[in-house]
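Notes for the one structure printed next.
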Amino acid sequence: MNNSQMVQVHNTNEDALVSRIANRVTEEISKILQKTNINNSSKQKKIEELKNKYASRDEACEMLNISLGTLNKMLKNKEIIHVKNGRYTLIPIQSIEDYLTRNTKTIEN
């Protein structure tokens, strides 16, 4: 085997090795991404569930058609149940519905 043939064999072996390494790295990255996507979709699902159960203060104001100051007074007076999580205030949708039921007056003709 002459030098040029040895170089070609060596280059072929290197190319095969590089190709195997690239394939293995791609497989590992795919596995990591798949795990990440599963975790993200699980977190996203939990976030969506919470959005259906709780409202922010702004959302509660919109639902009740009141100002933020009025809502704060209602929360302080415990007219509406709320949950504090750090600096965030979450208001259960059920609490808003209960408040509306207790305080809605019907007009009879």
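Some observations on this one:
- Applying 0.36 nm per residue to the separation of Asn77 and Asp58 and subtracting their alpha-carbon distance, the gain on full extension is 5.0 nm.
- For region 48-109, the extents of the C-alpha atoms along the principal axes are 47, 26, 17 Å, listed from largest to smallest.
- Neighbour-limited loop hits for GluC sites (Glu not before Pro), region 56-109 (at most 16 other Cβ within 10 Å; DSSP other than H, G, I, E, B): Glu79, Glu108
- Residues Ile80, Ile66 arranged by fewest to most Cβ contacts within 10 Å: Ile66, Ile80
- Region 22-65: trypsin sites (Lys or Arg not before Pro) falling in loop per DSSP and having at most 14 other Cβ within 10 Å: none
Every number here is computed from the coordinates shown, using simple stated rules; none is lab data. None of the values given here were measured: they were computed from a predicted structure. Cβ coordinates were reconstructed from backbone atoms using ideal geometry, including for glycine residues, and neighbour counts include every protein chain displayed.
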